[in-house]
Amino acid sequence: NAGVTQTPKFRVLKTGQSMTLLCAQDMNHEYMYWYRQDPGMGLRLIHYSVGEGTTAKGEVPDGYNVSRLKKQNFLLGLESAAPSQTSVYFCASQDRGNQPQHFGDGTRLSIL
Amino acid sequence: GNSVTQMEGPVTLSEEAFLTINCTYTATGYPSLFWYVQYPGEGLQLLLKATKADDKGSNKGFEATYRKETTSFHLEKGSVQVSDSAVYFCALSDWTNSKLTFGKGITLSVRP
């Protein structure tokens, strides 16, 4: 019973490098989300998707891109990493609106 | 827009003490309310939920009642354990917007 799986779990990047974080869910959920969690800031929504092939901006989208080519996967990309993007990134999925979201265990990303 | 306000933390209690964590909200329409818990190094897990006024959500000895008249959803537990040490987030969502609105979270530490 995997639920929501995030890869990688940890990563260290240098400023300017690019990378992609992968989120996979096996619950056939329509909605998927990417958040970042920073001390004292709670969770902030980066981007989200309400179905395969759709994406939308959240609260803090700058510097990130996303894609939802398959219903079960939601990718978060950093084209040119900056130290301000050092954070813990969480992916979540949701069956439909007003239902609980299910979270992955997070990706801890450090940018030097 | 929607917002969630949690009491300031951190909170430190002795084992078997009574716990109350305050949460108030502002929302248009009729939101669903949630409490999530995050244990160290893990993602968020749904602790309990309530979908309409006067509903009581409960799980693992925790309870919260949806109070529309006071726009509150306070979390309570009669006797906390060391294993309850975690970060607790209050959140809401509504039918017009699938996204969750989170409070900033509060860290609970329980001493033996």
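Of the residues A:53, A:16, which is modelled with pLDDT under 95 and on the phi > 0 side of the Ramachandran plot?
Values: A:16 fails: modelled with pLDDT under 95.
When all the criteria are applied, what remains is A:53.
Just one of (1) on the phi > 0 side of the Ramachandran plot; (2) exposed (fewer than 15 other Cβ atoms within 10 Å of the Cβ); (3) at the interface with another protein chain (Cβ under 9 Å from one of its Cβ atoms) trips up residue A:42, so point out which.
Every condition holds for residue A:42 apart from (2).
Out of B:65, B:24, B:70, B:20, which single residue is polar (S, T, N, Q), closer than 28 Å to residue A:46 by Cα and surrounded by fewer than 22 Cβ atoms within 10 Å (Cβ to Cβ)? First the steps, then the outcome.
Values: B:65 fails: closer than 28 Å to residue A:46 by Cα; B:70 fails: closer than 28 Å to residue A:46 by Cα; B:20 fails: closer than 28 Å to residue A:46 by Cα.
After ruling out the rest, the residue left standing is B:24.
Look at the range A:67-112 and say how many of its residues are part of a strand (DSSP E or B), farther than 18 Å from residue B:98 by Cα and of a type outside the set (Gly, Ala, Ser).
First, the residues of the range A:67-112 that are part of a strand (DSSP E or B): A:67, A:73-78, A:87-94, A:101-103, A:107-111.
After this cut, where a residue has to be farther than 18 Å from residue B:98 by Cα as well, the list is A:67, A:73, A:75-78, A:87-89, A:107-111.
Subset that is of a type outside the set (Gly, Ala, Ser): A:73, A:75-76, A:78, A:88-89, A:107-109, A:111.
Final tally of qualifying residues: 10.
Among the residues that make up the range B:51-59, is at least one of them of a type in the set (A, V, I, L, M), within 15 Å of the chain's Cα centre (by Cα) and either within 14 Å of another protein chain (Cβ to nearest Cβ) or more than 22 Å from residue A:34 (Cβ to Cβ) (or both)?
Kept after step one, since they are of a type in the set (A, V, I, L, M), are these residues of the range B:51-59: B:53.
Next, from what is left, pick out any that are within 15 Å of the chain's Cα centre (by Cα): none.
No: the range B:51-59 contains no residue that is of a type in the set (A, V, I, L, M), within 15 Å of the chain's Cα centre (by Cα) and either within 14 Å of another protein chain (Cβ to nearest Cβ) or more than 22 Å from residue A:34 (Cβ to Cβ) (or both).
Can we say residue B:57 is surrounded by 17 or more Cβ atoms within 10 Å (Cβ to Cβ), small (Gly, Ala, Ser) and touching a residue at least 12 places away in the same chain (Cβ under 8 Å)?
Working: surrounded by 17 or more Cβ atoms within 10 Å (Cβ to Cβ): yes; small (Gly, Ala, Ser): yes; touching a residue at least 12 places away in the same chain (Cβ under 8 Å): yes.
For residue B:57, the condition - surrounded by 17 or more Cβ atoms within 10 Å (Cβ to Cβ), small (Gly, Ala, Ser) and touching a residue at least 12 places away in the same chain (Cβ under 8 Å) - is met.
Residue B:16 versus (1) among the charged types (D, E, K, R); (2) at pLDDT 95 or above; (3) touching an Asp or Glu at 6+ places or on another chain (Cβ under 9 Å): which is the lone unmet condition?
Tallying (1) among the charged types (D, E, K, R); (2) at pLDDT 95 or above; (3) touching an Asp or Glu at 6+ places or on another chain (Cβ under 9 Å), residue B:16 fails exactly one: (3).
Of the residues that sit in the range A:55-66 and are assigned to a strand (DSSP E or B) and within 17 Å of residue B:100 (Cα to Cα), which one is farthest from the other protein chains (Cβ to nearest Cβ)?
Filtering the range A:55-66 for residues assigned to a strand (DSSP E or B) gives A:56-57, A:65-66.
Restricting the remaining residues to those that are within 17 Å of residue B:100 (Cα to Cα) gives A:56-57.
Working: A:56: 9, A:57: 11 Å.
So, considering only residues that are assigned to a strand (DSSP E or B) and within 17 Å of residue B:100 (Cα to Cα), the one farthest from the other protein chains (Cβ to nearest Cβ) is A:57.
The values are calculated or read from the model by the stated rules, or taken from the named source; none is laboratory data. Please read all numbers here as calculations on a predicted model, not as lab measurements. Note: ideal-geometry Cβ built from the backbone for every residue, glycine included; neighbour counts use all protein chains shown.
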